[in-house]
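> After the structure tokens below, expect a handful of questions from me.
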Amino acid sequence: MKLTRLRLVGFKSFVEATDFLIEPGLTGVVGPNGCGKSNLVEALRWVMGESSYKSLRASGMDDVIFAGSGNRAARNTAEVALLVDNRDRTAPAAFNDADQLDVSRRIERESGSTYRVNGKEVRARDVQLLFADAATGARSPAMVRQGMIGEIIAAKPQARRRILEDAAGIAGLHSRRHEAELRLTAAEDNLSRLADVLQQLD
Ligand code: ATP
């Protein structure tokens, strides 16, 4: 899977619809302080399912919506769309029948976020797993935030292990195992209730 285009509308300082083409090879973003370089990386993490507004330098998720500046009024919605080239068919099975995945996240003030993949509404979790499996999710070490190297050096062994697991692309497996364990517990509860009912009938 390769990321080929990032589109932002109303996200932080990107009030107008802005497209960034991600060409093969190395891409650099340069610009003066405060021009929005970090906002771009945050937009990538946000569309990949980042759920912590603190890690987006915000005091609430609505803070990612353009808040107005000078003579420009604030917006009520923000949207980020990421185009993913899936010709190598490495997306998870649920999304693997398309050559291109158009993954988008939209937020409306006080109404929360909605996610879509190729126009179809999906859960935040589906998008998080899609990128976690590709070892490039919102929390993955493929995205190096300011101060992150220092955090890794100071991290406790368990936290450092999580970073290595994210890099190896197995973070999604842990999450799926947890879900399977919850389903197993629920099934065991049902079985024991059934056994009680059968005993009463006997
Ligand atoms: P530096 O080089 O100093 O790290 P940068 O290019 O990474 O800067 P960013 O930190 O991405 O810049 O952008 C900061 C700018 O984004 C600030 O001008 C800030 O006012 C603006 N900004 C952040 N959130 C919003 C928002 N919700 N609405 C409007 N503008 C915003």
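> Kindly list the number of the only condition in (1) free of Cβ contacts under 8 Å to residues at least 60 places away in the same chain; (2) within 13 Å of the ligand (Cβ to nearest atom); (3) more than 25 Å from residue 151 (Cβ to Cβ); (4) loosely packed, with under 15 Cβ neighbours inside 10 Å that fails for residue 14.
Single failed check for residue 14: (4).
> I'm checking my understanding of the structure. Among residues of region 1-11 that are within 13 Å of the ligand (Cβ to nearest atom) and in a strand (DSSP E or B), which one is nearest to residue 63 (Cα to Cα)? Give the derivation first.
Step one: filter region 1-11 for residues within 13 Å of the ligand (Cβ to nearest atom), giving 8-11.
Going one step further and asking which of them are in a strand (DSSP E or B), we end up with 8-9, 11.
Values: 8: 15, 9: 14, 11: 9 Å.
Of everything passing the filter in region 1-11, 11 is nearest to residue 63 (Cα to Cα).
> Tell me which residues, restricted to region 65-85, are assigned to a loop (DSSP other than H, G, I, E, B) and either hydrophobic (A, V, I, L, M, F, W, C) or exposed (fewer than 14 other Cβ atoms within 10 Å of the Cβ) (or both). Let's see the steps before the verdict.
Filtering region 65-85 for residues assigned to a loop (DSSP other than H, G, I, E, B) gives 66-68, 70-71, 73-76.
Hits for region 65-85 are 66, 67, 68, 70, 71, 73, 74.
> Out of (1) within 8 Å of the ligand (Cβ to nearest atom); (2) within 21 Å of the chain's Cα centre (by Cα); (3) farther than 30 Å from residue 99 by Cβ, the odd one out for residue 32 is which?
(2)
> Also, quick follow-up: Say whether the condition of being outside any loop (DSSP other than H, G, I, E, B), within 16 Å of the ligand (Cβ to nearest atom) and out of contact with any helix residue (DSSP H, G or I) (no Cβ under 9 Å at 6 or more places or on another chain) is met by at least one residue in region 86-98.
no
> Ok, one more. If I filter region 134-153 for residues that are surrounded by fewer than 13 Cβ atoms within 10 Å (Cβ to Cβ), on the phi > 0 side of the Ramachandran plot and at pLDDT below 90, do I get at least one hit?
Looking for residues that are surrounded by fewer than 13 Cβ atoms within 10 Å (Cβ to Cβ), on the phi > 0 side of the Ramachandran plot and at pLDDT below 90, one finds at least one in region 134-153, hence yes.
> I'm told residue 75 meets every condition in (1) more than 8 Å from the ligand (Cβ to nearest atom); (2) among the basic types (Lys, Arg); (3) at pLDDT below 95 except one. Can you identify the failing condition by its number?
(3) is the only condition that residue 75 fails.
The values are calculated or read from the model by the stated rules, or taken from the named source; none is laboratory data. If you're wondering where the values come from, they're calculated on a predicted model, not measured in any experiment. Note that we place each Cβ from the backbone using ideal geometry, even for glycine, and neighbour counts take in every protein chain shown.
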